[in-house]
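Note sheet for the following structure.
Readers should treat all values here as calculations from the given coordinates under stated rules, not as data from a laboratory. These figures come from a predicted structure and were not determined experimentally. Cβ atoms come from the backbone with ideal geometry, glycine included; neighbour counts cover every protein chain shown.
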Amino acid sequence: MATLKLGILASGKGSNFSAILSAIREGRLDAEVKILISNRRRAGALGIASESGIPAIHISPRIFPDSVRYDQKIVEELEKQAVDFVVLAGYLKLLTSAFVRHYRNRILNIHPALLPAFGGQGMYGINVHQAVVKRGCKISGATVHLVDELYDHGPIIIQKSVPVYYEDAPEDLAARVLEIEHQILPEALQYFARNRVSVSGSRSNILPD
Ligand code: GRF
């Protein structure tokens, strides 16, 4: 079993990041968070990291001429901390193919729907739940998947569903799905820590312990 050296990329409140920290503290995840990086100065995730004594840096995309140079800066900061696994915990930028190649099959994303449904560019946050409610789906859920060069496209590691009720507002569904996210993201990471994930093409297999 290897202790994962995690680099977290986050753009928002950071509740998924908090779920990772809880799992580590409670002995459910063999990992340490080496650094948290956000593209948004006001991301709540930065405050959570700082309060936990974890290096937390805001890197503004505006000071870089393009996304290739931006991602190079992020990879540089991750390498400084000897990060060997990257988590997109609510990160709203598409990674460049150079970044994905650098950490091939070592980047996880959490998406608040059952991919491939309700995924892809523009499908993030409340937009997802609005689309699910509007479509009249009877179930939704969350997906943890490896990241490749396309939005929400890499091999799926874990999915878990929740019911959608007729009277649900998108916010009701978002809260129900978020609870699932906080369960399956640390669970998926632990499979990698225990080297239990095999990937073949677009499919993953969780090997016995
Ligand atoms: C979550 O809903 C996640 O599915 C999506 O972005 C949101 C992040 O929430 N990728 P938080 O910042 O982890 O609270």
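A compact table of results
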| quantity | calculated |
| --- | --- |
| Residue among Ser67, Ser22, Ser97, Ser60 that is of a type in the set (S, T, N, Q) and either within 15 Å of the ligand (Cβ to nearest atom) or at positive phi (or both) | Ser22 |
| All positions within the range 166-194 that are over 15 Å from Leu6 (Cβ atoms), within 12 Å of the ligand (Cβ to nearest atom) and hydrophobic (A, V, I, L, M, F, W, C) | Leu173, Ala174, Ala175, Val177, Leu178, Ile180, Ile184 |
| Filter result for Arg135 (without any contact (Cβ under 8 Å) to a residue 40 or more places away in the chain and touching an Asp or Glu at 6+ places or on another chain (Cβ under 9 Å)) | no |
| Flag if Gly125 is in contact (Cβ under 8 Å) with a residue 60 or more places away in the chain and either surrounded by fewer than 22 Cβ atoms within 10 Å (Cβ to Cβ) or within 17 Å of the chain's Cα centre (by Cα) (or both) | yes |
| Some residue of the range 84-95 being surrounded by 13 or more Cβ atoms within 10 Å (Cβ to Cβ) and over 21 Å from Thr143 (Cα atoms) | yes |
| Residues of the range 25-48 classified as crowded, with 23+ Cβ neighbours inside 10 Å and within 12 Å of the ligand (Cβ to nearest atom), total | 4 |
| Condition broken by Gln159, with the remaining ones in (1) surrounded by fewer than 22 Cβ atoms within 10 Å (Cβ to Cβ); (2) over 14 Å from the mean Cα position of the chain (by Cα) satisfied | (2) |
